[in-house]
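Engineer: What follows is a structure written as structure tokens; I'll ask about it next.
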Amino acid sequence: MDPQATIVLGKAIGAGLAMIGAAGGGIGIGISVGGAVMAMGRNPDHTATIQTNMILGVAFAEAVAIYALVVSLIILFVLS
Amino acid sequence: MEALGINPGTMLIWLIAFIMLYVLLTRFIYDPLTNVLNERRNRIAKGLDDAAAAAAARQNAEAEAEKILAQARSEAQKVIDEARGRGEDVASGIEQEARQTAAKIQYDAQTEAVATRNAELGNLREQVLQISVAVASRILGESIDAAKQQSLVNSFIAELPADARGLGGSIEVVSAMPLTADEQTQITGEVGASDASFSVDPSILGGLIVRWSGGMVDGSVRSQLSQMGRNLN
Amino acid sequence: MNSFWNGKRRYVALLLFLAGVFVALVVPPVIPFIQLAGENLPAGYDIPFTDIRITNTLVAAVIVWVLLLLFIVYIARRRPSDGSEVPPGGFYNMFEALYEGLMGFIGGIAGGAHFRLIFNMFMTIFLIVLLSNWMSLIPGVDTVGFIHPHVKEKFDADTGEYKVITTDGFEIYQGFLGISYVNGQCDWISPADEAAADAAALAAADAAALAAQQEQLEDAAYARYQAAHVAHGDDDHADETSDDHGEDSHGEEVVEPSTTSAAYDEVLAARVAEKQARADRGCYTGVAPAPWQDGYSGDKDAKKEPIPLHPDPSSEDAKRVPWVVLPLVRVASTDLNMTLTIAIISVVMTQYIGFKALGIGYLTKFFNFGTLFKSPLGGIDVAVGLLELIGDFAKILSFSFRLLGAMFAGAILLFVMSFLVPILPWPFFILEFFVGAIQALVFALLTAIFMNLATISHHHDDDHADEH
């Protein structure tokens, strides 16, 4: 097999595997947004506060997914 | 490191730039702007307090004004009532006075008129007497004078029927010639009346007519003459 | 001005949309070259008196700094001198509202004795990162730049020399008004690959000619067999004669030149047509005459000539290398230098404020030997303290890679979407707008939270409560 093709293959598989980690971030975002929406339904008066905290929580959960993304980006664009 | 693009020189430039920006932002934006915002916040809070105090003061003033107004209103009402009462008193006083005055004037006028008439009648007395005497003498053959009058009165009293004595009410005495005060008193005393009004009616020619509420005694010359005339006829 | 545009903006937007469709059809977008490290600008753009090449992320960083300086001047000039003045409207008022809102927000999180320092750090990081992130929304950033030969020098250990190698890239195209742009309609094919394709076409033509010849011979043999079969009237000899026929054909070499050359020419013509199609699309490579064509200059010289490292785009050498767009400005947050520096500043400031608030006692957060022999679980406290120490170093990585990952992925998302749906990438710009704001807020807010946590003593909560 062509060595170049092997490298590309390995990079693609590795990047794809790394992105599995983004699932955790997705689950976290789902849980936090679900909780926030329920809280907003119960206390519509506190929507602004809940929304701010929800966005922060979502950003933190998303950070995990972004780490996975960074790993896959490094695999794709930095490794040679 | 090379593949990640980490370059100590670039990082140093970033560090210097960050510190510079931090210092400049703090010096020219954060500190002054925070002060301005705090000042404004205090100002607004103070303004709100002032407004609340002013509102309270106004409310108090309004309540006071309302109180004063109510007081003034009640006082005015009292004054009006007083004035009205006084006015009514005055009016009724004036009216009464006027009425009294009117009554007095009326009475005076009446009295004067009566006096004047009496005086005139007194003036005419002689003539009337003379005419009456003349007529009477022509009819009766004798003349009437004061003495006659007196005798007529006396005879009248003497002939006064029993039911006409002690009447005790108000009587009206009609005479052909004005009666003297003695005669009046005499008649009043004889009749027993508490009140007597005297009037002059020359048409009765002489004598007296006494009227009261229950009846009358006609002792006048005219009725005697009429009696005579009827007897003659 | 306002009244003129009222009700007409929608037509302007429609015109821009149609212009976008037109441009996307005429100049198809290409995916720019993707590389994590900031790309060096071409030779001639280096820091004065040094040979350090400026990266395009540093250009963006300088733009951010200049914009922030202008912002400082603007705000300082517009700001009312005290609280009694009515604030001016417009952009200043918007900033003031944002500032006041964030001040209240941070006041609710870290409204202690160190509020001013924490808030100033928060705001500085927020403004710098926000401005950097939002630069990706400006048209031209990440897309307009140098058309750069995508060649690399690689050290060859065998020969002991630097060898120029090429990687994937695009054709350069001289377009309208002499503006050259990378043409995405045809991918670059190296001259060696081109020569190999020509050789393959020749081989295929030979094979086709051989096959045609074979078929012709078989047809002729079959015709002979048929004639023989009709003559003998014997079915049983059919197999033998057909087997013999193969051996016979080699010997006889009956070839009809017209048929075989037709198959040969057909294959070669297909190859020439392919090359011509590329040339018609404006591609440089693959248009050189094939060996069988007129004007073939001979590939031996071309192969020997080394590939130039920095060819002139208008020269013939331009056809021999692939080209990529090297953006003049690339969002600063997609460079690890910026994110790492700010992350280090953030963590260092966290330690600084910890020492400032708690004195030397702050170190007990990391080296907590106080309870080691007093409590049965003292060992756990030591381990936790050491974990905190490691955690603070991990914060640097976490901070820097979170921002880098979000912004770099966002930039790639915008490239890919502009490439796939050239006329409708704007929903992703809206997404990037929010991602940029949220990432800036998260970076700054986490700094504020960590700084606030550092001012609170972990192990002397009671004492701390008494102090206040």
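Derivation of every value follows stated rules applied to the coordinates shown; laboratory data play no part. Note that this is a predicted model, so its numbers are computed, not measured. Note: ideal-geometry Cβ built from the backbone for every residue, glycine included; neighbour counts use all protein chains shown.
Engineer: Based on other C-beta atoms within 10 Å, arrange C:Trp134, C:Trp188 from fewest to most. Each step should come with its number before you reach the end.
Structural biologist: Working: C:Trp134 18, C:Trp188 25.
Lowest count first: C:Trp134, C:Trp188.
Engineer: Ranking B:Glu64, C:Glu432, B:Glu172 by Cβ neighbours within 10 Å, fewest first, what do you get?
Structural biologist: Working: B:Glu64 10, C:Glu432 23, B:Glu172 16.
Ranking B:Glu64, C:Glu432, B:Glu172 by Cβ neighbours within 10 Å, fewest first, gives B:Glu64, B:Glu172, C:Glu432.
Engineer: Another question, if that's okay. Using modelled backbone amide H atoms (1.01 Å from N, in-plane), which distant-in-sequence or interchain residues come within less than 5 Å of C:Cys186's amide H?
Structural biologist: Result for C:Cys186 returns C:Glu171.
Engineer: Moving on. Pop a pseudo-label 7 angstrom from the Cα along the beta-carbon direction at both C:Ala394 and B:Ala83 and give the gap in nm to one decimal.
Structural biologist: Reported label-point gap for C:Ala394 and B:Ala83 is 9.7 nm.
Engineer: So, one more: Could you pull out every one of the lysines with an alpha carbon less than 30 Å from that of C:Lys374, ignoring same-chain neighbours closer than 8 positions?
Structural biologist: Partners found: C:Lys356, C:Lys365.
Engineer: OK, next. How do B:Ser74, C:Ser333 line up, fewest other C-beta atoms within 10 Å first?
Structural biologist: Numbers: B:Ser74 10, C:Ser333 33.
The fewest-first ordering by Cβ neighbours comes to B:Ser74, C:Ser333.
Engineer: Starting from the 7 Å offset along Cα-to-Cβ, what nm value, one decimal, do you get for the label separation of A:Val8 and B:Leu48?
Structural biologist: Going by the 7 Å Cα→Cβ label model, 6.7 nm.
Engineer: Ignoring trypsin sites (Lys or Arg not before Pro) that are buried or in helix or strand per DSSP, and keeping those with at most 11 other beta carbon atoms within 10 Å, what is the longest stretch of chain C between them?
Structural biologist: Longest site-free region, per DSSP loop and neighbour criteria: C:9-373.
Engineer: Given segment B:144-232, report the % of alpha carbon pairs whose separation exceeds 15 Å. Don't skip to the answer; put the middle values down first.
Structural biologist: Working: 2148 of 3916 pairs.
Across segment B:144-232, Cα pairs with separations above 15 Å total 55 percent.
Engineer: Same structure, new question: For C:Gly145, what residues show an amide H to amide H distance below 5 Å, using hydrogens built from the backbone and excluding near sequence neighbours?
Structural biologist: Close amide H contacts, sequence-distant or interchain: C:Leu328.
Engineer: Reachable lysines from B:Lys67, Cα under 19 Å, same-chain residues fewer than 8 places away excluded?
Structural biologist: The qualifying lysines are B:Lys78.
Engineer: Whole-Hz ³J(HN,Hα) for each residue in segment B:61-76, computed from phi via Karplus 6.51 cos²θ - 1.76 cosθ + 1.60 with θ = phi - 60°, x for glycine and proline: what do you get?
Structural biologist: After applying 6.51 cos²θ - 1.76 cosθ + 1.60, I find 4, 5, 4, 4, 4, 4, 5, 4, 4, 4, 4, 4, 4, 5, 5, 4 Hz.
Engineer: If one takes the longest principal axis of the Cα atoms in chain B, at what angle in degrees, from 0 to 90 and to the nearest 10, does the Cα axis of helix B:146-159 lie?
Structural biologist: So the inclination is approximately 80 degrees.
Engineer: Using the Karplus equation 6.51 cos²θ - 1.76 cosθ + 1.60 (θ = phi - 60°), what ³J(HN,Hα) coupling, rounded to whole Hz, does each residue of segment C:262-276 give in order, writing x for Gly and Pro?
Structural biologist: Rounded to whole hertz, the list is 5, 5, 4, 5, 5, 5, 5, 5, 4, 5, 5, 5, 4, 4, 5.
Engineer: While we're looking at this one, here's another question. Helix C:56-78 versus the longest principal axis of chain C: what is the Cα-based angle in degrees, 0 to 90, to the nearest 10?
Structural biologist: Roughly 30 degrees between the two axes.
Engineer: Ok, one more. Considering all alpha-carbon pairs of the protein assembly as shown, what whole percent are spaced by more than 34 angstrom? Intermediate results must be reported in sequence, preceding the final value.
Structural biologist: On the way: 222870 of 304590 pairs.
The answer is 73 percent, as a whole percent.
Engineer: Kindly identify segment A:3-77 as rounded, prolate or oblate by the Cα gyration tensor criterion: order the square roots of the eigenvalues as a ≥ b ≥ c, call it rounded if a/c is under 1.5, otherwise compare a/b with b/c, prolate if a/b is larger, else oblate.
Structural biologist: On the way: a/c = 6.68, a/b = 3.85, b/c = 1.74.
It comes out prolate by the Cα gyration axes.
Engineer: Another one. Percent relative contact order of segment B:144-232, based on C-alpha pairs within less than 8 angstrom and at least six residues apart?
Structural biologist: For segment B:144-232, the relative contact order is 31 percent.
Engineer: Please list the non-local residues whose amide H lies under 5 Å from the amide H of C:Thr55, H modeled 1.01 Å from N, same-chain partners needing a gap of 5 or more.
Structural biologist: C:Leu41
Engineer: Report, to the nearest 10°, how far helix B:8-25 tilts away from the longest principal axis of the Cα atoms in chain B, using its own Cα long axis and a range of 0 to 90°.
Structural biologist: Once rounded, one gets 20 degrees.
Engineer: Where does the protein assembly as shown land at 222 nm, in deg cm²/dmol rounded to the nearest 500, when only DSSP H runs of n ≥ 4 count, each adding -39500 (n - 2.57), divided by all residues?
Structural biologist: Working: 21 runs with 508 residues, N = 781.
Estimated from H runs of four or more residues: -23000 deg cm²/dmol.
Engineer: Could you derive backbone 3J(HN,Hα) for segment C:338-344 from the dihedral phi with the Karplus parameters 6.51, -1.76 and 1.60 (θ = phi - 60°), listing whole Hz in sequence and x where the residue is Gly or Pro?
Structural biologist: 5, 5, 5, 4, 5, 5, 5
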